Amino acid sequence: MIKLTIDGVTVAVPEGTDVLAAAKAAGIRIPTLCYMEKYNEIGACRLCLVEVKGMRGLLAACTLQASDGMEVYTNTPAVREARRTNLELLLSDHPQDCLICVRNGQCELQSLAEEMGIRRQRFEGEKSAYPLDHSTLSIMRDPNKCVLCRRCVAVCKQVQGVGVLGAVERGFDTIVAPEGGCLLHDVACVLCGQCVMVCPTGALAEVDNTEEVFAALNDKSKHVIVQTAPAVRVAIGEEFGYPPGTIVTGKMVSALRRLGFQAVFDTDFAADLTIWEEANELLERLNNGGTLPMITSCSPGWIKFIEHYYPDLIEHLSTCKSPQQMLGALAKTYYAEKIGVSPEDIFLVSVMPCTAKKFERARPEMVGESGLPDVDIVLTTRELARMIKVAGIDLPQLPDSDFDSPLGLSTGAGVIFGATGGVMEAALRTAYEWVSGEALTNVELEAVRGLSGVKEAEVKLPGTDITLRVAVAHGLANARQLLDKIRTGKADYHFIEIMACPGGCISGGGQPRPADVNEFNALREQRIKGVYRADRDLPLRKSHENPAVKELYDTYLGEIGGERAHHLLHTNYTVRGKYLRTIRQH
Amino acid sequence: MMEAKQCQGCQQMRDPRYEQLDELIKSYQDKKGALVPLLHEAQEIFGYLPEEVQRRVADGLGIPLSEVYGVATFYSLFSLKPRGKHKIGVCLGTACYVRGAGAILAELEKQLGIRVNDTTADGKFTLEITRCIGACGLSPVMTVDEDVFGRLTPEKIKEILARY
């Protein structure tokens with residue numbers, strides 16, 4: 001341990017600690033903008049400047065190692081003036097349209113300007129003028145609002161192992177963009193939206209589809225229905241003042257009815273259905289010498305990732321559609337027939353924690369027999385929260401209500417799809433009982449829960465000589481570890497779950513953003529707790545016990561993995577490769 | 001209108017420079033701080049850094065293309081465009097500037113039919129701007145490769161270009 005004083009407060013910290021962390025330990029807040037612990041400690045924004053006795057000039061606290069006997073000052077006139085000037089210089093090349101910005105009221109740059117008491121524009125100079133990037137269905141880029149903090153660059157490369165964003169050119173001409181200053185559409189971006197989650201400003205945001213949904217709700221000729229993903233219910237409350245992880249399922253369903261949706265369905269139902277198909281597929285592959293390990297296919301960012309970066313491993317993917325797409329396929333067949341409405345008149349909206357789901361929805365593989373897309377529009381959790389606010393619905397005051405049948409009943413196994421390890425746990429709850437014929441008493445598989453990057457477990461199936469070896473990865477850089485093992489023949493797993501986003505869908509690119517990126521993991525843990533609480537609160541916790549799914553097979557689908565099921569609930573994949581086109585030269 | 005397209009892959013297979021590049025990349029693998037020196041040497045082989053070179057460097061070092069592109073556009077030493085046989089540098093340092101370097105530059109652009117940082121269609125000249133080269137006594141000055149020409153007037157440009 002070393003001892004230093006910060007603003008007169010003595011604090012002891014382990015050697016190697018930076019001054020920023022030491023100040024935090026001393027209860028002193030130093031403003032930061034570019035800093036992201038472990039991933040982006042680059043001293044770029046110059047807002048964390050401090051004065052150190054005996055050292056020249058002002059120093060960035062995030063890159064300055066604390067040393068024994070150091071005397072640090074964080075609140076001198078020179079420090080205040082320098083931080084302020086640096087922020088004003090950032091603002092001098094920032095659009096002043098805060099009132100109509102997607103981040104209005106939730107912007108870190110705005111908060112810093114408020115915190116530092118900036119009340120006038122001192123510097124007028126050249127302004128960047130770049131076109132907006134609307135090239136993808138998921139993510140919108142506005143380089144004019146970029147403060148070059150590089151948090152998105154760090155997340156894309158280090159957390160997701162993708163690396164399609166980087167700094168291009170230098171000086172005033174610097175821009176954070178895909179290689180060649182291309183559009184996102186032109187590079188192997190997986191559209192996971194983790195860049196959106198860490199962007200401090202409105203430079204990166206989800207593509208907004210709320211107007212299309214309002215228009216559909218107004219169209220009396222349409223039967224407009226909605227489904228909500230497992231992870232939405234434990235996060236949307238944050239937009240209405242609830243603590244993270246609060247389960248607001250009932251109020252969310254009521255709010256959706258008030259918005260005018262004629263039926264509110266639960267993607268958890270389709271998650272249960274996925275387990276019937278996927279567990280069956282796994283057992284078939286085990287029995288018939290199919291490609292192993294089999295890998296889950298629920299996460300569209302993950303699917304796009306393997307198609308770009310590991311196309312040689314595509315046959316490892318389960319052919320199951322994701323729950324969102326399964327529900328869509330059924331809404332326009334099974335449900336349409338049940339209520340006697342023509343599929344053309346059904347308009348299905350999905351509310352997803354995910355930006356990549358907007359892309360998945362539009363995949364050519366996701367068009368049904370009638371030529372209609374399974375799902376018509378995808379909204380992120382953030383967009384739904386905005387719609388609820390625009391409609392003047394006071395969510396906290398709403399009573400609880402239940403999802404509609406026949407696509408609304410679900411088990412705890414469906415809800416845990418929202419967290420890393422959840423699909424694996426749900427599949428094993430079912431595979432265990434199907435294979436062994438014995439009841440599984442403790443359904444909670446701790447080994448695959450939690451935030452470690454790669455998790456492994458072995459499950460002995462009683463009454464057989466099978467011990468299932470499974471692995472779970474979340475965050476695509478972690479996924480790479482498992483994929484490289486498969487490529488080199490070193491993976492002896494039977495079944496792997498991969499979710500694109502760290503923590504799983506609960507912190508997908510469409511979820512409410514963290515108030516502090518450096519507390520993101522704490523937020524993830526709270527949402528994950530919410531997911532497991534929701535699981536425990538449900539009377540049924542195994543997908544194969546879902547009576548609504550059973551009825552679906554009995555009355556409509558026929559056999560599990562049978563012809564009709566395959567037709568509606570399974571898909572195929574596209575080899576995309578890493579480089580899509582020749583980059584535009586400046 | 002149809003455009004004749006050549007198969008880049010076949011061209012590159014025949015191009016010994018790519019073999020040289022692949023060898024070079026191998027020698028830099030597992031080395032720290034490899035990117036800048038590797039790009040430097042690659043540019044010596046190709047004269048510039050075409051996209052295929054950047055991709056091979058990225059794949060060879062196991063880093064994203066965006067990172068290679070970022071470094072290639074950050075340093076003015078690197079060029080993403082083919083460069084001419086001869087490099088013309090017009091000094092726009094303070095002394096040259098006040099003594100009429102602007103007119104020299106304009107004359108060069110006119111005679112060569114290109115703008116700054118471009119290369120003539122015949123691949124002969126690339127036109128660039130330099131900061132002070134320390135020959136203020138001769139201002140305004142320009143360089144062609146290693147040759148320095150001083151006390152320039154626009155009228156002298158034609159004759160200088162004719163020597164190359």
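The values are calculated or read from the model by the stated rules, or taken from the named source; none is laboratory data. Please read all numbers here as calculations on a predicted model, not as lab measurements. As a convention, Cβ positions derive from the backbone with ideal geometry for all residues, glycine included, and neighbour counts pool all protein chains shown. Heavy atoms of the whole protein, side chains included, go into the accessibility calculation; ligands, DNA and RNA do not. Shrake-Rupley method; radii C 1.70, N 1.55, O 1.52, S 1.80 Å.
Key figures
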item	result
Count of region A:183-198 residues which are open to solvent by less than 10 Å² (accessible area, probe 1.4 Å), out of contact with any strand residue (DSSP E or B) (no Cβ under 7 Å at 6 or more places or on another chain) and either away from chain B (no Cβ under 14 Å) or assigned to a helix (DSSP H, G or I) (or both)	2
Region B:32-48, residues that are within 18 Å of B:Lys124 (Cα to Cα) and either touching a Cys at 6+ places or on another chain (Cβ under 8 Å) or in a loop (DSSP other than H, G, I, E, B) (or both)	B:Gly47, B:Tyr48
Meets criteria (open to solvent by less than 20 Å² (accessible area, probe 1.4 Å), at pLDDT 95 or above and in contact with a strand residue (DSSP E or B) (Cβ under 7 Å, 6 or more places away or on another chain)) for A:Gly414	no
Test: residue in region A:114-129 that is loosely packed, with under 14 Cβ neighbours inside 10 Å, within 14 Å of chain B (Cβ to nearest Cβ) and charged (D, E, K, R)	no
Residues of region B:49-60 classified as more than 9 Å from chain A (Cβ to nearest Cβ), aliphatic (A, V, I, L, M) and assigned to a helix (DSSP H, G or I), total	2
Tally, over region B:28-48, of residues that are within 14 Å of another protein chain (Cβ to nearest Cβ) and farther than 21 Å from A:Glu179 by Cα	0
Tally of residues being in contact (Cβ under 8 Å) with a residue 60 or more places away in the chain and more than 30 Å from the chain's Cα centre (by Cα) across region A:286-296	1
Test: residue in region A:218-229 that is surrounded by fewer than 20 Cβ atoms within 10 Å (Cβ to Cβ) and in a helix (DSSP H, G or I)	yes
Among (1) within 14 Å of chain A (Cβ to nearest Cβ); (2) in contact with a Pro (Cβ under 6 Å, 6 or more places away or on another chain); (3) hydrophobic (A, V, I, L, M, F, W, C), the one test that B:Ala103 misses	(1)
Options B:Ile63, B:Ile25; residue that is within 29 Å of A:Val155 (Cβ to Cβ), away from every other protein chain (no Cβ under 14 Å) and among the β-branched types (Val, Ile, Thr)	B:Ile25
Selection count where residues are open to solvent by 10 Å² or more (accessible area, probe 1.4 Å) and in a loop (DSSP other than H, G, I, E, B), scope region A:486-501	8
Whichever residue in region B:52-97 is without any contact (Cβ under 8 Å) to a residue 12 or more places away in the chain, surrounded by 19 or more Cβ atoms within 10 Å (Cβ to Cβ) and not small (Gly, Ala, Ser) and, among such residues, is farthest from B:Leu21 (Cα to Cα)	B:Thr73
Any pair with Cβ under 7 angstrom, 6 or more apart, that starts in region A:160-182 at a residue that is more than 7 Å from every other protein chain (Cβ to nearest Cβ) and ends at one that is of a type in the set (S, T, N, Q) and assigned to a helix (DSSP H, G or I)	A:Gln160/A:Gln194
Selected residue (only one of A:Leu580, A:Leu540 is among the hydrophobic types (A, V, I, L, M, F, W, C), away from chain B (no Cβ under 14 Å) and touching a residue at least 12 places away in the same chain (Cβ under 8 Å))	A:Leu540
Single match in A:Glu369, A:Glu315, A:Glu344 (criterion: more than 24 Å from A:Gly504 (Cα to Cα), open to solvent by 10 Å² or more (accessible area, probe 1.4 Å) and assigned to a helix (DSSP H, G or I))	A:Glu344
Search result, residues across region A:276-312 that are in contact with a strand residue (DSSP E or B) (Cβ under 6 Å, 6 or more places away or on another chain), closer than 19 Å to A:Gln481 by Cα and part of a helix (DSSP H, G or I)	A:Trp302
Residue check for A:Leu109: within 21 Å of A:Pro31 (Cα to Cα), open to solvent by 30 Å² or more (accessible area, probe 1.4 Å) and assigned to a helix (DSSP H, G or I)	no
First in region A:559-572 and on the phi > 0 side of the Ramachandran plot, second anywhere and buried (at least 18 other Cβ atoms within 10 Å of the Cβ), Cβ under 6 Å, 6 or more apart	A:Gly561/A:Asn280
Residue check, A:Val155 assigned to a helix (DSSP H, G or I), open to solvent by less than 20 Å² (accessible area, probe 1.4 Å), among the β-branched types (Val, Ile, Thr) and away from chain B (no Cβ under 14 Å)	no
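Residues are listed down the side, and each one gets a yes or a no for (1) within 20 Å of the chain's Cα centre (by Cα); (2) polar (S, T, N, Q); (3) under 27 Å from A:Ser436 (Cα atoms); (4) open to solvent by 20 Å² or more (accessible area, probe 1.4 Å):
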site	(1), (2), (3), (4)
A:Asp516	yes, no, no, yes
A:Glu525	yes, no, no, yes
A:Arg536	no, no, yes, yes
A:His544	no, no, yes, yes
A:Asp554	no, no, yes, yes
A:Leu557	no, no, yes, no
A:Gly562	no, no, yes, no
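For (1) outside the structural domain of A:Lys321 (by TED's automatic domain parsing); (2) open to solvent by 40 Å² or more (accessible area, probe 1.4 Å); (3) within 28 Å of A:Ala522 (Cα to Cα), each residue gets a yes or a no:
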| residue | (1), (2), (3) |
| --- | --- |
| A:Ser401 | no, no, no |
| A:Gly408 | no, no, no |
| A:Gly422 | no, no, yes |
| A:Leu428 | no, no, yes |
| A:Val435 | no, yes, no |
